[in-house]
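The values are calculated or read from the model by the stated rules, or taken from the named source; none is laboratory data. It should be emphasised that the depicted structure is a prediction, and the values quoted were computed from it without experimental measurement. Backbone-built Cβ (ideal geometry, glycine too); neighbour counts: all protein chains shown. Protein only, heavy atoms only, side chains kept; ligands, DNA and RNA dropped before computing areas. Shrake-Rupley method; radii C 1.70, N 1.55, O 1.52, S 1.80 Å.
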Amino acid sequence: QVQLVESGGGLVQTGDSLKLSCATSGRTFSRYGMGWFRQAPGKEREFVASISWSGGVTYYADSVKGRFTISRDNANNKGYLQMNSLKPEDTAVYYCAATAYVSRRMADFSSWGQGTQVTVSS
């Protein structure tokens with residue numbers, strides 16, 4: 001399995017930007033697809049974005065399309081989520097996860113980080 005650690009969360013205002021990072025170790029990161037999910041208080045965890053091992057395929061939730069960008073740096077075993085034009089409804093704990101391929105389904109991801117809190121104030 002691959003181990004993942006998120007960082008970069010924080011408290012920002014509406015319209016601000018944040019870039020989340022996901023540092024990985026263990027199995028070769030470049031062999032895995034990667035995804036970002038989020039969970040707001042009292043809500044189920046939901047898909048945000050995912051990227052294939054090569055970076056050539058990306059998927060986004062409709063709620064973040066055009067505002068968030070997922071990327072990866074296989075040479076440094078890191079993944080990223082650039083979040084622009086943040087809204088209060090983006091407030092959640094954000095998790096990165098690894099999958100054997102690229103997917104939108106939470107069940108397809110076998111390794112998870114501990115999460116990083118993103119809070120967007122209005």
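Would you point out the residue of the range 1-38, among those that are among the charged types (D, E, K, R) and surrounded by 13 or more Cβ atoms within 10 Å (Cβ to Cβ), that is modelled with the lowest pLDDT? Only one residue tops the list, namely R27. When the residues of the range 55-86 are filtered to those that are among the charged types (D, E, K, R) and out of contact with any strand residue (DSSP E or B) (no Cβ under 6 Å at 6 or more places or on another chain), the one that is farthest from G9 (Cα to Cα) is D62. Contact map, the range 1-26: first residue closer than 15 Å to Q117 by Cβ, second residue acidic (D, E), Cβ cut-off under 8 Å, separation 6 or more or different chains; pairs are L20/E6; S21/E6; C22/E6. Flag not set for S121, criterion: in contact (Cβ under 8 Å) with a residue 40 or more places away in the chain and under 17 Å from T24 (Cβ atoms). Here the condition is being closer than 19 Å to A92 by Cα and touching a residue at least 24 places away in the same chain (Cβ under 8 Å); of G35, G42, it holds for G35 alone.
Is it fair to say P41 is open to solvent by 60 Å² or more (accessible area, probe 1.4 Å) and either touching a strand residue (DSSP E or B) at 6+ places or on another chain (Cβ under 9 Å) or at positive phi (or both)? Criteria met by P41.
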